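Worksheet: the structure to be examined is printed underneath.
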Amino acid sequence: MSNILIISSDETRANNLITILSFLGDVSSSISFSSAVKFLQDNPVFCSVLVDASNCQLAVDLCEKFPHQPFVLVGNLDNFQPKGNIVGVVDEPVTYPILTQMLHRCQEYKNRQPNSKTSANNKTRLFRSLVGKSQEIQSVRHLIEQVAPTEANVLILGESGTGKEVVARNVHFLSDRTDNIFVPVNCGAIPGELLESELFGHEKGAFTGAVGVRKGRFELAEGGTLFLDEIGDMPLQMQVKLLRVLQERTFERVGGTKPIKCDVRVIAATHRNLENMIEEGTFREDLYYRLNVFPIESPALRERKEDIPLLLQELVSRLESDNAQIRFTENALNSLMEHKWPGNVRELSNLVERLMILYPERLVDLSDLPQKYRHIEAESYEPDYPEELLEREAINAMFGDNGAEDEAEIIPASSAELPSDGLNLKEYISEMEVTLIRQALEQHHWIVARAADALGMRRTTLVEKMRKYHICKESA
């Protein structure tokens, strides 16, 4: 709260406020009402503005001209309800506790302001992976912005698939180390006996197969960031060695005796409950507190379902190939928002990739989603084709002209001969159609779906023809 402006034409009142604010160590300035408008237009950088409310209407009119700026009115105002950018009223005589509370409100007004300068400047290509308007994801973005410029160790907690590495990469990207390397290590994917060599490197001859000197991940990450994913899977003996590195900022290669200094920022992540592991004796308490300087909780997708439409848009744009895209109907979106998402954002990304393969350049509806993602009831659309199209499909099915080269036609075209006295083609085709439909139904024990497959037509088309020709199974 380094920039506080006091607007008052009463010099005594302004000086009293400056005296109280001096206990906060704030730099404050005071101006009169006559110069307030132009001054605020030229200097829109104040964290809060305290306005003398002896003339309430004049004060309110001034506040309305600057909606992005939080104001606090100072004066005894009966029945006045602060709203909008007037965050509160301080009665006189002004007290230190009430004033600090109002200044905190100004701070929150600035921090949570839509389209704020901070949010606009940090829409990096990495932050796009943390899209969303939910309070949970906004909190994560805010924590990243706050801790990134520091050298504090960060511990990222959350279920598998919530994007913990994305959070870590954003911390690195927004830090002073962004020009140096980001090195990820999955502690759960490397056998315990190899993890020490992987992290610290080894000297030639340190063990069987060590034919040369090899640098570890700490050396490779020098000047940058080392991301230790699934730190909860690290063996106890390695936890001791990691703790020493974090404390001393030096390490030794396996088989070596020379200490190597390291300038590495460590970010750790896990889906496990480390506090429970401490009680069970499988994770060191001292290492936990060394890593847990600044914890960030990566929220599960089910806790921020309102972000799913924006996440889908982001994933589609990221996965699109050859300009192939998909879009979702309202029913499809509503159904996806009802899903529990045990696999979190990773599961959502896999679903989007699958749908883009199945339905390129299509609009995806509820019926197009896999069965386990259909959580709402919606009437499915069954096309009602004209009779002409249905008859044409039947003819194509019988004579093998169905747009594909079938190996075996139902009736070879060469076997049909025109009688010398002619025939009624429509009746002939209808009789043949009835005969073939009955044969197919009888061969498949009157299971309509199988009969439709045998005839090369849709089930709904076969049902319609059975209704048209009054075909039904004769009761025994």
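The values are calculated or read from the model by the stated rules, or taken from the named source; none is laboratory data. Computed from a predicted model, the values in this text were never measured in an experiment. Positions of Cβ are generated from backbone atoms using ideal geometry, with glycine treated the same way; all protein chains shown enter the neighbour counts. Just the protein is used for accessible areas: all its heavy atoms, side chains included, with ligands, DNA and RNA removed. Shrake-Rupley method; radii C 1.70, N 1.55, O 1.52, S 1.80 Å.
Quick look at the numbers
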{"item": "Total residues in region 253-289, condition in a strand (DSSP E or B) and either of a type in the set (A, V, I, L, M) or without any contact (Cβ under 8 Å) to a residue 24 or more places away in the chain (or both)", "result": "7"}
{"item": "All strands (runs of 3 or more DSSP E) inside region 27-77 with 3 or more residues being within 12 Å of residue 6 (Cα to Cα) and of a type outside the set (Gly, Ala, Ser)", "result": "48-52, 71-74"}
{"item": "Set 169, 112: member being at pLDDT 90 or above, open to solvent by 40 Å² or more (accessible area, probe 1.4 Å) and at negative phi", "result": "169"}
{"item": "Extreme residue, nearest to residue 305 (Cα to Cα), among residues of region 339-358 that are part of a helix (DSSP H, G or I) and touching a Phe, Trp or Tyr at 6+ places or on another chain (Cβ under 9 Å)", "result": "348"}
{"item": "Filter result for the condition that a residue is small (Gly, Ala, Ser) and either at pLDDT 90 or above or assigned to a loop (DSSP other than H, G, I, E, B) (or both), over 475, 430", "result": "475"}
{"item": "Residue that is nearest to the chain's Cα centre (by Cα) [pool: residues in region 200-235 that are farther than 14 Å from residue 266 by Cβ and of a type in the set (Val, Ile, Thr)]", "result": "213"}
{"item": "Contacts under 9 angstrom Cβ, first residue in region 29-40 being farther than 15 Å from residue 55 by Cβ and aliphatic (A, V, I, L, M), partner modelled with pLDDT of 85 or more and open to solvent by 40 Å² or more (accessible area, probe 1.4 Å), 6 or more apart", "result": "31/39; 40/65"}
{"item": "Only one of 315, 319 that is touching a Leu at 6+ places or on another chain (Cβ under 9 Å) and among the aliphatic types (A, V, I, L, M)", "result": "315"}
{"item": "Region 207-256, residues that are aliphatic (A, V, I, L, M), modelled with pLDDT under 90 and either open to solvent by less than 80 Å² (accessible area, probe 1.4 Å) or closer than 25 Å to residue 165 by Cα (or both)", "result": "210, 254"}
{"item": "Failed item, numbered, when residue 145 is tested on (1) charged (D, E, K, R); (2) open to solvent by 60 Å² or more (accessible area, probe 1.4 Å); (3) at pLDDT 85 or above", "result": "(2)"}
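Conditions tested, residue by residue: (1) open to solvent by 50 Å² or more (accessible area, probe 1.4 Å); (2) touching a Leu at 6+ places or on another chain (Cβ under 6 Å); (3) farther than 27 Å from residue 234 by Cα.
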{"residue": "278", "(1), (2), (3)": "no, no, no"}
{"residue": "283", "(1), (2), (3)": "no, yes, no"}
{"residue": "301", "(1), (2), (3)": "no, no, no"}
{"residue": "340", "(1), (2), (3)": "yes, no, yes"}
